[in-house]
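The values are calculated or read from the model by the stated rules, or taken from the named source; none is laboratory data. Given the structure is predicted, the values throughout are model-derived calculations rather than measurements. No Cβ is skipped: glycine too gets one built from the backbone with ideal geometry, and neighbour counts run over all protein chains shown. Ligands, DNA and RNA are stripped out before the accessible areas are found, and what is left, the full protein with its side chains, is counted by its heavy atoms. Shrake-Rupley method; radii C 1.70, N 1.55, O 1.52, S 1.80 Å.
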Amino acid sequence: MNFEVVIGLEVHCELKTKSKMFSPSKVTFGEDVNTMVNEIDLGMTGTLPVLNRSGVEYAIRVCHALHMDIDELVRFDRKNYYYSDLPKGFQITQDAHPIGRNGYIDVEVDGKTRHVEIERLHMEEDTAKQLHYATFSLIDYNRAGIPLIEIVTRPTIRSGKEAAAYLEELRSILLYTDVSDAKMEEGSMRCDVNISIRPFGSDKFGIRTEIKNLNSISNVQKAIDYEAKRQERLLLSGKEVLQETRRYDEGLKETVLMRAKGDAVDYKYYPEPNILPIRLDHQWVESIKEHLPEMPSQRVKKYIEVYGIQEKDAHILVSNKEISDFFEETIQLTQAYRLVCNWLLGDVSAYLNKQNQSLSETRLSPEKLARLITCVQEEIISGKQAKTVFEVMMEEDKTPDQIIEEKGMKQISSKDDLLKMFCDILDAHPESVNDYVAGKDRAVKFVVGQVMKQTRGQANPKLTNELLIEELKRRCA
Amino acid sequence: MDKETLLKKLGLKTMFRISDEEMPLLIQEYDIFMNHVQALESIDTTGVEPMTFPYDIETTFLREDEPTHMISREEALKNAKDVTHHQIRVPKVVG
């Protein structure tokens, strides 16, 4: 029997606001434990939560980018559960009235466009971080209260590959809307998977399992592929899939049982009594849409259609926001779009990989790169020399012009100077003209070699060749 | 379950210690409270929307995103029974 895999994804994303969702303590990462907290984060009695404007703004930005309907009356609910990562005993979240509904992302999978429907986006707060030891756990409340958005798809995803493509695109959107650093390995973006299988053609859903603890997009794909196979094996051997929560074990490359459905908690959701419904200013919501930064899919389209960049390269450029932003700035200074792209994806990326750095950590600026490209275009230096200039530029705080000057790299592009040099060489080696007449290539190579030797490689090679052949022809005639 | 057992169980869950002397008074108050609830239950609420807030109002205030108030780590951990490496130490219950 052939089965179809049915997948829905829940993504949590930490917002990079300055302060927490409901309290004015600082949002930071990697600070000393329990130093970024106040009474509200610790769930002390007598405190009241007050909603952060930027938290709402960032959520709206993502809603717009995902083409969602926005509920301008913001309401919160309490999700009650008793666990040590939650000092209040409940999490403030949006259950009944999420801020965003009905969105989508179109992704390309194996050359086909797949429409992934998004059911909802809601705002909530993060929990405290627990470190588990053999017999006890330690709690750091710095993370408690950091703004989160949760983005939930409908069960419209059909393969691990498609799930990975969706997550890649969603991650780019989170980066381009500038709301999060969206790092799965660091937990600022987290993904839970709901997965079931059913016979092809069936319109009923099978029994689903949930997979948690996925720390990279590639692990999401692997976990889905494994879990679909596992469910298929169960069904084919006459057993049934049990509704349960599993986690992906990277070492085993398998999903393993975490808890069965019997342990499911009743969260007793009810409206958060400490936050009155908040009516957002319609003009404000609309202005957030108007000021939405350019989205990755729009950039890809623009790079291909306006700047004539190859589709594959356009996708690579856009996949790294920093590089794409750098490209945008550089092409304000030079129109050599494809050359800028080639430099960024070639030498610059190679350098970044080798040094394990990001662009902002290097000495390269859009001005320097644009100038370097212009120098090559204007034949002040050769392409080969440009690579040397680039290397120096990355190591020393100098402009391309300074480096060219210091290295004495300026090409000799004066026709008169070059012509005089040829004539002297040809006069001294008349056999070269004879060689040329006899159709021997080495004549040209020999003279060019001599010119380069005399100029220490600074003669413009293209011009040198052209002029020489002209001169030889003249002498043969 | 008799009232005394029920109240003891609730006390345990909500971390209130109830003494034997307090019990008769609590049982009395419990009866008053339950009568009150029964009186409320007799009201016909068919077609009435539940409400969360005493007034049907909307607000517009949003807090500016500035970190303006934090407390020191010493203060934050003062109430904790068990602190290890500046963190609150709790029994391990992996959820």
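Observations on the model:
- Placing pseudo-labels 7 Å out from each Cα toward the beta carbon at A:ASP401 and A:ASN356 gives an inter-label distance of 3.8 nm.
- For chain A, the relative contact order is 13 percent, taking Cα pairs closer than 8 Å that sit 6 or more residues apart in sequence and dividing their mean separation by the residue count.
- Largest-first principal axis extents, alpha carbons of segment A:3-283, Å: 57, 52, 33
- Value of Rg to Rh for the protein assembly as shown (Rh from inverse mean 1/r over Cα pairs, i.e. Kirkwood): 1.15
- Cβ-based net charge around B:GLU29, under 12 Å, with every Lys or Arg adding one and every Asp or Glu removing one: -1
- The mean accessible area for residues of segment A:3-283, using a 1.4 Å probe and ignoring ligands and nucleic acids, is 43 Å² per residue.
- Per-residue extension of 0.36 nm, minus the Cα-Cα distance of A:ALA96 and A:ASP441, leaves a gain of 116.1 nm for this segment.
- Overall form of segment A:415-476 per C-alpha gyration tensor (a/c, 1.5; a/b vs b/c): prolate
- Taking a span of 30 Å or more along the helix axis (Cα atoms) and a mean Kyte-Doolittle hydropathy of at least 1.6 as the rule, no DSSP H helix of chain A qualifies.
- Pairing chain A with chain B buries about 3700 Å² of accessible area. This figure sums both sides and uses a 1.4 Å probe.
- Inverting the pair-averaged 1/r between distinct Cα atoms of segment A:328-469 gives 17.0 Å as its Kirkwood hydrodynamic radius.
- Average partner coverage of B:73-80, which counts Cβ from other chains inside 10 Å: 4
- Of all accessible heavy-atom area on the protein assembly as shown, the percent that carbon and sulfur account for (1.4 Å): 51
- Dipole check for segment A:71-210: with +1 at the C-beta of Lys and Arg, -1 at the C-beta of Asp and Glu, and the Cα centre as origin, the magnitude is about 500 Debye.
- Kirkwood-based Rg to Rh ratio, segment A:294-406, C-alpha trace: 0.96
- Positive minus negative residues near B:THR60 (Lys, Arg vs Asp, Glu; Cβ under 9 Å): -1
- The Rg/Rh ratio for segment A:188-282, using Cα coordinates for both the radius of gyration and the Kirkwood hydrodynamic radius, is 1.12.
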